[in-house]
Every structure is written in structure tokens, then in C-alpha cells.
Amino acid sequence: MERQHGEVRLLIRGIARGVASTEIAQIFAPYGVDPERIALPRDRRTRRRKGIAYVFVPSEHAARAAIEALNNTTLQDKVITIELAAERPPKKPRRFGPPGAGAGPRPPRRF
């Protein structure tokens with residue numbers, strides 16, 4: 001997902017697997033933080049939720065307020081931690097074709 005202008009991504013750890021995105025949005029509401037998007041990643045193999053969530057908030061100020069208010073609180077009897085998510089490194093361009101294709105001419109063979 002591309003980062004929108006001014007949007008800050010928070011990482012929430014320790015989420016119970018049954019928590020829905022609406023429940024996460026509700027815990028932010030009393031602090032005046034309205035999440036723009038909430039992502040609940042799943043494991044690729046098992047398709048179960050990983051127990052983390054990414055919450056996209058509109059500003060750095062809102063992110064700091066949410067971290068101060070909600071870090072080390074409980075949600076469905078589990079302690080959650082909230083922190084600023086690390087920036088994702090840029091993806092490398094993908095090469096298409098068979099291995100070695102596009103790397104230029106082969107060197108001469110030595111016998």
C-alpha cells in the first residue's frame with residue numbers, strides 16, 4: 001500500500017486473532033483519532049491473522065496522541081503495544097524471463 005500524503009502508519013502488536021477492524025477503530029475514538037485505514041495481515045500459508053494491525057492515521061500529532069493513550073492497554077484481555085511502523089524499503093525492480101536473461105552477451109566459453 002502506498003503511503004498517502006501526511007498519513008502516518010502505526011503498528012499494533014498483541015492483537016487477539018478474533019479482533020475486527022471496527023473494534024480497533026472504536027478504541028481510537030475516545031482520543032479523537034479517526035483511523036483512515038486499518039490492515040489486519042494474515043499468514044500466507046495458514047490464512048490466520050498474525051496478531052498485528054497497521055493503523056493509518058491522518059497526522060503525526062494524532063499518531064503521538066494514540067501512542068501515548070493506548071500503548072500497553074488491553075483489548076479483549078490481551079495487552080497491546082502501539083508504535084510507529086518502520087518505513088518499508090523500496091522494492092527492487094523485478095526481472096522477467098529465464099535466469100540470466102537480459103544480463104548482456106555471454107562471455108566466450110573456455111575449454
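The values are calculated or read from the model by the stated rules, or taken from the named source; none is laboratory data. Note that the structure is predicted; figures quoted are calculated from it, not measured. A quick note on method: Cβ atoms are made from the backbone with ideal geometry, for glycine too, and the neighbour counts reach across all protein chains shown.
Any residue in region 48-70 that's on the phi > 0 side of the Ramachandran plot: show its pairings with residues that are in a loop (DSSP other than H, G, I, E, B) at Cβ separation under 6 Å, as long as the two are six or more apart or on different chains. Pairs found: GLY51/ILE15. Applying the set (1) closer than 20 Å to ALA16 by Cβ; (2) modelled with pLDDT under 90 to GLY100 leaves exactly one unmet item: (1).
Among residues of region 1-38 being within 13 Å of the chain's Cα centre (by Cα) and part of a loop (DSSP other than H, G, I, E, B), the one that is nearest to LEU75 (Cα to Cα) is GLU7.
Hey, any hits in region 39-53 for a residue that's farther than 22 Å from VAL79 by Cβ, among the small types (Gly, Ala, Ser) and not in a strand (DSSP E or B)? Within region 39-53 (the criterion being farther than 22 Å from VAL79 by Cβ, among the small types (Gly, Ala, Ser) and not in a strand (DSSP E or B)), the answer is no, since none of the residues qualifies.
Among the conditions (1) at pLDDT 90 or above; (2) over 13 Å from the mean Cα position of the chain (by Cα), the only one that LEU84 does not satisfy is (2). Screening ARG64 on (1) modelled with pLDDT under 90; (2) within 23 Å of GLY6 (Cβ to Cβ); (3) basic (Lys, Arg) shows it passes everything except condition (1).
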